1. What are the semi-axes of the equivalent ellipsoid of the stretch 91-131, taken as the square roots of 5 times the eigenvalues of the Cα gyration tensor, listed largest first and rounded to whole Å?
2. Leaving ligands, DNA and RNA out of it, work out the accessible area of HIS104 with a 1.4 Å probe and give it in Å² to the nearest 10.
3. Could you give the angle, 0 to 90 degrees to the nearest 10, between helix 298-325's Cα long axis and the longest principal axis of the Cα atoms of the chain?
4. Give me the percent relative contact order of the stretch 99-221, please, defined on Cα pairs under 8 angstrom at least 6 residues apart.
5. Restricting to DSSP H runs of at least four residues, report the calculated mean residue ellipticity at 222 nm for the chain, -39500 (n - 2.57) per run over all residues, nearest 500 deg cm²/dmol.
6. Relative contact order for the stretch 231-318: what is it in percent, counting Cα pairs under 8 Å that are at least 6 residues apart?
7. Just to check I understand the Karplus step: with θ = phi - 60° and J = 6.51 cos²θ - 1.76 cosθ + 1.60, what whole-Hz values come out for the stretch 243-249, glycine and proline as x?
8. Describe numerically, in nm with one decimal, the distance between label points set 7 Å from Cα along Cα→Cβ at LEU215 and at LEU4.
Amino acid sequence: MFALPTLASNILQSLNGSINAIWVGRFLGEGALAATSNANIIMFLTFGAVFGFGMAATIMVGQSWGRRDVEGARRAFGSAIGLVFCTAIVVATLGWIFAPEILHALATPQVAFEPALDYLRVIFLGLPASMLLVLMFMGLRGTGDSVTPLWFMGLCVVLDAGLNPLFILGVGPLPRLGIAGSALATLIANVVAMGLLVFYIQYRNLPLRLKGAELRYMLPSPALVRTIIGKGLPIGAQMLVMSTSSLVMVGLVNRHGIDTIAAYGITQQLWNYVQMPAMAIGAAVSAMAAQNIGAGRWDRVTRITRAGLYYNLAMTGAMVLLVIAFDRPLLSLFIGAASPAVPVARHINLIVTWGLILFGATMILFGTVRANGAVWGPLIILAVSMFPVRLGLALGLDPVWGANALWWSFPLGSVANLALAVLYYLYGPWRRGGLLVPENFVDERSHADIEPAANLKPVS
């Protein structure tokens, strides 16, 4: 039940990306769709540069919440807000300046280069707002509230999807911006949703609200910064490992022509949906595990992980079956049934999609171990499975198998990833980690004496 609003939020987010891809593909064609595919991979890379800080703070919030330490949760959240905002500003500035070099490094085809540059630079402008919005969602879920993020994700999606065709086509008094209009719609939607969420948190006096003297928490203390950076950098590095692997894969795909690029881009849209249940369950597992670790209930942590694996198998497995059974009409939504990219996309989908079940199980195991501050094990496992395994197979077999080597590297990499994750979960040292909030911020009273408003309890 805790995961369902997160699942709905993830579905809305992916639906937003899919609707935008439909607008771009239908109105602007394969070249523009290939441009957004290249640019979105880059944004995932830059997102990873600051995402780890937010995840570390979320775990700290969850552990503090589990032991009834509301003050510690607010300090962690405030520190993350200040740190992520400053980092996002730096990343956005560098991204704007070096966007052409990044696209050249990706071997972006000339037909897609200028549209990708226009799109990417506007997206970089919106990075601070989008990162703060995601951070607030993560913090709220750390306290057990997965419903509020759902409503504001819905608002963001409605605004983004509705504004996209208006700015792309220049409806009424609006300028005709083409692919840059799609990025501008995303920027406006994120800024509006973020501003309204800040107002809502303050107005409803939600647990993580910062008022009066608490606003100073957004100037991070050295102890909290050390904790957030120490745990956040390896978590962010996991995102960077996946992003870098994806960037190299895009470079390999780009060598196989515009139809293959477009096909890869639209199959990624379907994969987003297939992964939604596992990502939602993984987020729930991580938040619940962190709260119960904070409460000292390790028996619940094991049961939560086991339940997460069962639900991933059932729900992700059902999504895989649906996507394979109805691949032609689903893929045709993005590019049109007559496009030469559709049969290529169906072939890719058939080879790759089933491996997402294994990837989902890995993310759930990683979510549990990260909840106790174990971040280096998952990073090393991801690096091994993505580079020596996945990219090694893709690069080594591409001259022999052609594009098929790229597609088969995905499920084979997922097999290696899951095998290593299971070994680490069963035998690794992650259970010996300590609580993440620095000791000087823990209330000196016994946990039994700390009773914040509403009689807060860890999610079980």
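The values are calculated or read from the model by the stated rules, or taken from the named source; none is laboratory data. Computed from a predicted model, the values in this text were never measured in an experiment. Note that each Cβ is placed from the backbone with ideal geometry, even for glycine, and that neighbours are counted across all protein chains shown. For accessibility, only protein heavy atoms count, side chains too; no ligands or nucleic acids. Shrake-Rupley method; radii C 1.70, N 1.55, O 1.52, S 1.80 Å.
1. Details: eigenvalues 77, 22, 9 Å².
They are 20, 10, 7 Å, listed largest first.
2. We get 120 Å² for HIS104.
3. Between the helix axis and the principal axis of the chain, the angle is about 20 degrees.
4. Relative contact order, the stretch 99-221: 27 percent.
5. -27000 deg cm²/dmol
6. Dividing the mean separation by the residue count of the stretch 231-318 yields 24 percent.
7. These are the phi-based 3J(HN,Hα) values: 5, 5, 4, 5, 5, 4, 5 Hz.
8. With each label point 7 Å from Cα toward Cβ, the separation is 3.9 nm.
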